[in-house]
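Since every read-out is calculated from the coordinates, none of them should be taken as a lab result. Computed from a predicted structure; not experimentally measured. Cβ placement follows ideal geometry from the backbone for every residue including glycine, while neighbour counts extend to all protein chains displayed.
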Amino acid sequence: MMWCVTFDLYAFPAPGPRTVPDVRQLLEGEEVEDLRFDHDAGRWLPPPGPQMARFVDELERRWPSLDDDPDGSPWSSWPLWQPVAGGGTALNIGWSFAVSVPPVILEIAARTGVIIYDPQADQLISPRSGHAINVQLARVTNGQ
């Protein structure tokens, strides 16, 4: 059995992928064009579009970075903008935050119109169907 080190979520701008197979095709398919890390600026390129920038900015304001508070940060990777195909980003959350952080991420996603993919539950969560992640969180807290 393989254990995951982090609780991962993927976020995509609207209209984004509409089904789980669409997400899988994006993540398994094409590479992000011009993906590179700008060491001078300390961030991944290409930069996020406006919708994803609002989403990531709100996440960065809500929780400390790994640089600012390694023990208190829920993030297992930094910076938060980690481009994936489809104009989205990967979010790597430490397991000790797997219950408290995802519901807030869904609230922020709903406000910014961002679509979330939960690979642990293999579910696509649109801003209007945020309840889906609660099923997965119950599995996490019950050790399933």
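Numbers at a glance
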| item | result |
| --- | --- |
| Cα→Cβ-extended label distance, 7 Å offset, between HIS39 and VAL99, nm | 4.2 |
| Proxy reagent accessibility, fewest Cβ within 10 Å first, across ILE105, ILE116 | ILE105, ILE116 |
| Pairwise label distance in nanometres, GLU107 with ARG24, each label 7 Å out on the Cα-Cβ vector | 3.3 |
